[in-house]
Structures are given as structure tokens and as C-alpha cells.
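To keep things clear, I will list the structure first and then write my remarks on it.
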């Protein structure tokens, strides 16, 4: 069991974390997290759904296993975070060591713990291409396109991308409250749509769990896609193909 100060129990806390949409996807789990309003010892909740196993004995075994793993990592976890560990199908029959390795990596990616000796190199960090805003502002002079203009203004104000050698991070939504982090091993396909005569473009990243991450008006479009493509598995690279395919 986790020590009482580190247990996340209240349904309202779970809802608050999910609403923030700050998720980190791994093979064995999805880590959701949110900063606490007043920094306290970090709390963790474990979620094992019936879709993973219909047998209560299996679900309880997994919960105990992930609580053990989380308890081992508590001394390394920074204060001030609430986290949800959503266990995935691939975790049905794996060792504590494998669970701990992936959870440690995702927590390090989220900035909850530090991993000495592992560096993260940033390839691109910034907002959407200015051409997206310009074109949609011009379209705004026709009333029918006003929603497109509003969307472009929101993207220009709060949408931010961070592409590194370890992950893709997208921060967006109203006032930048939504955040998604994806590691390359979880990507199964990338669909690309060039826009602005190739100066920028859109990408739709599909993950192993079937969820999708949309990236609109990415600048340096070809460079960034080539960089991402190099990090994909051979299977994901094959189905993704060239730009615009």
C-alpha cells in the first residue's frame, strides 16, 4: 500500500487531473498528472479498468503491483504533484522491474523526478507558423469563416510545440491548459498535410492505444517531419510514408 499522505482517493481530484489533459503515454501505462494548488506530498492513484481484465483477482493483483512500484519511487518524486497511473493491457504479465523502468521514464519526461545522465535535446520549440494566423484572419472578413479565424487566434496565443530527441510535447487549449507528451515508441503512424505551399503543415499522430494527437500549422514542416520520422519504428515509418501521403 502507499502511505496515506501519498494516496489519491477523492473522485474530484481524479476529475481535475483528467480535465487538465496532461498525459504521458507509455507501453505499460498512461501517466496523468496535475500540479497541486498548494504543494504537499505528491499523491498517486492507480486505475485498472474492467476492459483490461474481467477477473477482479487480476485487477487487484495489478493494483498491488503498481502500488509497490510507486512506493519504491516515492523518495525520488518531487512534492506538489497529483498523478494517476492508468494501467494498460501490455502490463498484464510483466515484472515489477519493467513497470518501474517505464514509470520512472515517464515521470522523468514529465519533470516529476530527475534522471542523472539522461539528456534531452530540443530540436524545435515554439508556436504555430504565422501563415496560419494570417490566412485565417483574411478569411475572417467573410462571416462564414469567423470560427476558423477564432481558432487560429487561439492557436497563435496558446499553442506551443516542443520536439526533442525523446518526445513530442503539445501544449494548447484555452490559455494553454492542455498538455500531451508522446514518446516515439508509442507512435504507430504519422499523417502529414502540407499547407501554405509547403511552408508549414499539419500532422496527425496515431498512438498504439488508438488515440490521436493533432498538430496544426507546424513551421519548418519538412525538417520536423524528417526528424520525427527518424525516431519512429520501422513499421511506423513504413505506414507513415512521405509528406502528404
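Here are a few things to note about the model shown:
- Test: residue in the stretch 86-102 that is assigned to a helix (DSSP H, G or I) and touching a strand residue (DSSP E or B) at 6+ places or on another chain (Cβ under 6 Å): no
- Top-ranked residue in the stretch 106-120 [being modelled with pLDDT of 85 or more and touching a strand residue (DSSP E or B) at 6+ places or on another chain (Cβ under 8 Å); ranked as farthest from residue 215 (Cα to Cα)]: 112
- Meets criteria (outside the structural domain of residue 17 (by TED's automatic domain parsing), free of Cβ contacts under 8 Å to residues at least 60 places away in the same chain, within 13 Å of residue 214 (Cα to Cα) and touching a helix residue (DSSP H, G or I) at 6+ places or on another chain (Cβ under 8 Å)) for residue 168: no
- Restricting attention to the stretch 170-181, the residues being on the phi < 0 side of the Ramachandran plot and either buried (at least 20 other Cβ atoms within 10 Å of the Cβ) or modelled with pLDDT under 80 (or both) number 8.
- All of 106, 33, 52 fail the test of being outside the structural domain of residue 213 (by TED's automatic domain parsing), assigned to a loop (DSSP other than H, G, I, E, B) and surrounded by 18 or more Cβ atoms within 10 Å (Cβ to Cβ), apart from 52.
The rows are residues; the columns are (1) part of a helix (DSSP H, G or I); (2) under 27 Å from residue 102 (Cα atoms).
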| residue | (1), (2) |
| --- | --- |
| 133 | yes, no |
| 141 | no, no |
| 153 | yes, no |
| 171 | no, yes |
| 202 | no, no |
| 218 | no, no |
| 223 | yes, no |
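- Checked against the criterion of being modelled with pLDDT of 90 or more and either assigned to a loop (DSSP other than H, G, I, E, B) or outside the structural domain of residue 26 (by TED's automatic domain parsing) (or both), the stretch 205-212 contains one or more residues that satisfy it.
- Residues in the stretch 208-223 that are on the phi < 0 side of the Ramachandran plot and under 18 Å from the mean Cα position of the chain (by Cα): 208, 209, 211, 212, 213, 214, 215, 216, 218.
- Residue within the stretch 81-97 that is farther than 14 Å from residue 24 by Cβ, surrounded by 16 or more Cβ atoms within 10 Å (Cβ to Cβ), touching a residue at least 12 places away in the same chain (Cβ under 8 Å) and out of contact with any helix residue (DSSP H, G or I) (no Cβ under 8 Å at 6 or more places or on another chain) present: yes
The values are calculated or read from the model by the stated rules, or taken from the named source; none is laboratory data. Fair warning: this is a prediction, and the values are worked out from it, not measured in the lab. Neighbour counts are summed over all protein chains in view; Cβ atoms, including those assigned to glycine, are modelled from backbone coordinates with ideal geometry.
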